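The values are calculated or read from the model by the stated rules, or taken from the named source; none is laboratory data. In this text, all values refer to a predicted model and were calculated from it rather than measured experimentally. Cβ sites come from the backbone with ideal geometry, for glycine too, and all protein chains shown count toward neighbours. Only protein heavy atoms, including side chains, enter the accessible area calculation; ligands, DNA and RNA are left aside. Shrake-Rupley method; radii C 1.70, N 1.55, O 1.52, S 1.80 Å.
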Amino acid sequence: MSGPAGFLIFFLTYAVVYAILAIGLNIQWGFTGLVNFGVAGFFAVGAYVSAFMSGSPSPYHLGGFGIPFPFALLIAMVVSGLFALILGIPVIRLREDYLAIVTIGFAEIVRLIIVSERNITKGPYGMGVIKPYKEVISSPMYGLFYLGISLAILAILYLAIARVVGSPWGRVLRTIREDERVALVLGKNVNWFKLQVLVLGSMVFGLGGAVFAHFFNFITPNHFLPMETFLVWVMVMAGGSGNNLGVIIGAVAVRGLWEGMMFLSDVLPQGVQIGAVRLGVIGLLLILVIMLKPEGILGERKTASDIL
Amino acid sequence: MLTVQNLEKSFGGIRAVDGCSFEVEDETITGLIGPNGAGKTTVFNLISGFYQPDGGKILFRENRIDDLPPYRIPHLRLARTFQITRELQKMTVIDNLMVAPLDQMGESLWNSWFRIPSVKNQERKIKEKALDVLDFLEIEDLKDEYAGNLSGGQKKLLEFGRTMMTDPELILLDEPGAGINPTLMKKLNGYIETLRSEESMTFFLIEHDMDLVMQLCDPIIVMSEGKKLAEGSAREIQENEKVLEAYLGG
Amino acid sequence: MQLLANGIIMGAIISVGAVGLTLVSRILHFFYFGYAGMLVFGAYFTLTFFNFVELPLVVSLLLSIGLLAALAIAIDRLTFKSLRSRGTGPFGMMVVGIGLELLLRSSVRLIWGSDVMRFELPIKRALVFPFDVRITTNQLIIIGASLLLMYLLHLFLDMTKIGKAMRATADNIELAKVKGIDTEKVIMWTWGLAAISAGAAGFFLALDTRLVPIMGWKLLLPLFAAVILGGVGNPYGAVVGGMVIGLSQEISAGFMAPSYKPAVAFVIMTLTLLVKPSGLFGRGG
Ligand SMILES: Nc1ncnc2c1ncn2[C@@H]1O[C@H](COP(=O)(O)OP(=O)(O)O)[C@@H](O)[C@H]1O
Ligand SMILES: [Mg+2]
């Protein structure tokens, strides 16, 4: 499919990828108040791992191991989670502003490794990623088919996360967000919960990375700039931290704004770069959300526990 | 029940707790008084594991607890409240209480995903208990209100109730009467008395209101400048010259 | 030996930048990512005055610092001031700082374009020192000017009334307020000092390499590492921290791929936070 329908499918699939990332960050920041500025790092890990796992063998990069798509996704999640675990065990106890710097540094290091280790990742040249099930789906319909897969993944994720954030586990997370000391006097092992949240959220980022890789079919280190992290932050903060439906709407809206700015090129004077404008607009959004609407546009639902 | 021996804690140059020793006996309501800055809150923070002592020992039921992380302390049935209430603002009153019970099954990710019936079962019991506590404190009509919207006195009650939810045997109360009206104060005293006599709970409380302390507490421990100054019944404390001096001088 | 020399040059640049960043981080209570934007703006302002207006280099730098200070104070008035009065915590401040970094970088790209730019200086051959160490005249200027600048900053912080007030505020903000120090005034001066620090570091970096809008962001991680290593709020610590980070980064290039230099800063910073969050010299927190 091409033309407007093709563009719509492209746009929606891209939005689904970000909705997945936004749900991951919502678990960490929205529900627990855990600051992770390293979203792009885990996103990259998921994308590259899934690419290594699913591709056919190549002398130019690690893998491929020809593993079926669903398993490649799972492995991408597990490896992302392992990265989070290894990073988290020492640093989870740090104060939130230190954690912010450490995680942003972590994501930059991940990107640096991808750029530098050309034998593994093909470095800045980027590597191709397979289209799953392309043998069974006719190519004009493939975009729609993959959108369907992505939506199904998002739906499963949404339900799985809704179940735990509405449980006593989720209630502990909110307690930690509201006041760590209260969580402590109620006997909750705060660092252990935070570590779980860091790992679970990062597994979701890994999943987002994998879905992205198989959608784009070509990944380079430039897909994982710190900007990606801040985009997801805008989605979560604008959509309403602690509200998964809100952050999905946030993801679609911010993605729409991002793509929409492409049409600015007709209006803007010659030579003005869309990339620079986008950078500025996202920066402005971050500032405005904190200054005008720190609780997000939709806000949180009232009952924390809804398991009954 | 609780033994504190030669406890020491300094902040920079300030010796906030300076070789303090005392005991809290089973099923008493022990009072801790002293001028502002005497080190009372710091003692509570040491007992509840928020600070590591620089010296001395803390024993609870003959076991040392001074090297435990704070989240382990409540599991020994030793609970505390804060001098300035800390409610979970953006959570409802009932959720503020329901989060409190220790070792809930549903606090594990695995159980929340895969063992829903048992989690639900326990959750039902926890909710019943939370409603009972709200009923006992006579604030059940607030159960769906955000805790952040409560009045100062209601927050005090909520924090007290939250502590009850952890089934403590010893409760440390840091100025439970500060900032609440006399009527509510009387009510709170009643609750404390009831829980002591009917549930065999022990209370260790810091309080500034002398009338209240004299009425409610026995024995009373007096601290000044990080040290224990005196200990005894209300009468003994009132007649103790060192105590009078500390209060008038400080 | 060459690596050592490179390390000293890099260390000087980081040190100069870290002094401003450490005071901002401490006095304003948060890590200011927008500092990267200040660095870049400083470099481009100087370049504009020098290359296009054709003013002398020193005058260009001074003008640029003045403009930068005005910009920083204007930004504070528009954003942080109201957030301070609302009691916004370090996290909110940090997010606004990140937003500003993106906004400033975007403005640089819109104003000056994204292409690489350089100072139009006559190209001189590098001087050869014993052990075949090569150092360009620009680099000698950087080292000399950094030393001079740090000496002046030292005099300012140690001798002037406002400098002492700044150090007192960095030591203990509550105490400073009690002592009757006008903290809003101190904050304005902090921005001014940050402008000097960022303007000079940005200029040095541009002189040593070239100008690209991303240069500030790339220096940010080593800068934070220097600030944390030296103890947040300790300007002397920041200088030492900057030297340590600069040297370790360059020396690591002797046995690792040079692209991993930022990773060295990251590892040192994380280890500091884990082992001694107050940094080498105590203060901070
Ligand atoms: N976290 C802390 N850092 C520095 N000083 C502290 C800290 N906590 C308490 N202090 C100091 O210790 C002393 C005792 O304080 P505190 O225990 O709160 O007294 P009280 O509760 O008896 O009024 C005071 O001088 C106080 O300033
Ligand atoms: Mg106190």
Rg [Å, one decimal], Dmax [Å, integer] - region B:116-235, C-alpha atoms: 16.7, 57
Those lysines that a straight Cα-Cα span of less than 24 Å connects to C:Lys276, excepting residues fewer than 8 apart in one chain: A:Lys194, B:Lys9, C:Lys261
Exercise: per-residue mean of other protein chain Cβ atoms within 10 Å, B:66-76: 3
Within 10 Å of each Cβ in B:101-112, the average number of Cβ atoms from other chains: 5
Rounded tilt (10° steps) of A:190-216 against the dominant C-alpha axis of chain A: 20 degrees
Which listed pairs, of B:Lys40/B:Lys187; A:Lys122/C:Lys218; B:Lys90/B:Lys186; B:Lys90/C:Lys177; A:Lys188/B:Lys129; B:Lys120/B:Lys143, have C-alpha distances above 27 Å, in listed order: B:Lys90/B:Lys186; B:Lys90/C:Lys177
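Hey, can you find the accessible area per residue of region C:2-214 for me, probe 1.4 Å, expressed in square angstrom?
Values: 9040 Å² over 213 residues.
Averaged over the residues of region C:2-214, the accessible area is 42 Å².
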Candidates A:Ser50, A:Ser116, A:Ser241: whichever shows maximal mean-square fluctuation once chain A is modelled as a Gaussian network with Cα springs under 10 Å: A:Ser116
Cβ neighbours within 10 Å from other chains - mean over A:191-198: 1
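At the nearest 100 Å², what buried accessible area, both sides summed, do you get for C and A when the probe is 1.4 Å?
Values: alone 13330 and 14740 Å², together 24570 Å².
Adding both sides of the contact gives about 3500 Å².
Just by accessible area at a 1.4 angstrom probe, what is the order of B:Glu236, B:Glu245 from largest to smallest?
Values: B:Glu236 105, B:Glu245 130 Å².
Solvent-accessible surface, decreasing: B:Glu245, B:Glu236.
Keeping all protein chains in place and using 1.4 angstrom, which order do C:His154, C:His29, A:His223, A:His214 fall into by accessible surface area, from largest down?
Values: C:His154 65, C:His29 115, A:His223 40, A:His214 0 Å².
Result, largest first: C:His29, C:His154, A:His223, A:His214.
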Calculated from backbone phi, Karplus (6.51, -1.76, 1.60) coupling profile of region B:214-224 in Hz, x at Gly/Pro: 5, 6, 8, 9, 7, x, 10, 10, 10, 10, 8
Label point at B:Glu225 placed 7 Å out along Cα→Cβ; residues across region B:16-30 whose backbone nitrogen lies under 17 Å: B:16-21
Simple label model, 7 Å out from Cα along Cβ direction - A:Tyr60 to B:Lys186, nm: 8.6 nm
Nonlocal amide H pairs with B:Leu229, under 5 Å, H built at 1.01 Å: B:Val222, B:Met223, B:Ser224
Simple spin-label estimate for A:Asp266 and C:Asp158 in nanometres, 7 Å along Cα-Cβ: 6.5 nm
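Over chain B, what relative contact order in percent results from Cα pairs under 8 Å that are six or more residues apart?
Averaging sequence separation for qualifying contacts and normalising by length gives 29 percent for chain B.
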Relative contact order %, region B:128-188, counting alpha carbon pairs below 8 Å whose residues are six or more apart: 37 percent
Folded to 0 to 90 degrees: helix A:139-165 orientation relative to chain A principal axis, Cα: 10 degrees
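Give me the percent relative contact order of region C:30-91, please, defined on Cα pairs under 8 angstrom at least 6 residues apart.
Values: 25 pairs, mean separation 22.2, N = 62.
Rounded, it is 36 percent for region C:30-91.
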For region B:201-206, Karplus couplings with θ = phi - 60° (6.51, -1.76, 1.60), whole Hz, Gly/Pro x: 7, 10, 10, 10, 10, 8
Debye, to nearest 20: dipole size of chain B, +1 on Lys, Arg Cβ, -1 on Asp, Glu Cβ: 800 debye
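With r as the distance between the Cβ atoms of B:Glu128 and B:Glu245 and R0 = 60 Å, compute the FRET efficiency 1/(1 + (r/R0)^6) and round to 0.05. Walk me through the numbers on the way to the answer.
Values: r = 52 Å, r/R0 = 0.87.
The calculated FRET efficiency here is 0.70.
For the ranges A:132-142, C:77-87, B:20-30, what's the packing order if you count other beta-carbon atoms within 10 Å of each residue, average per peptide, and put the highest first? Don't skip to the end; give the middle numbers.
Details: A:132-142: 12.3, C:77-87: 13.8, B:20-30: 17.5.
Averaged packing, sorted descending, gives the order B:20-30, C:77-87, A:132-142.
Under a Cβ-only charge scheme (Lys and Arg +1, Asp and Glu -1), can you give me the dipole magnitude of chain A about the Cα centre, in debye to the nearest 20?
Values: 19 positive and 14 negative charges, 78 e Å.
The dipole of chain A has a size of about 380 debye.
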Cβ charges +1 (Lys, Arg) and -1 (Asp, Glu), total dipole of region C:2-214, debye: 320 debye
At q = 0.08 Å⁻¹, base-10 log of I(q)/I(0) for the protein assembly as shown (Debye sum, equal scatterers on each alpha carbon): -0.81
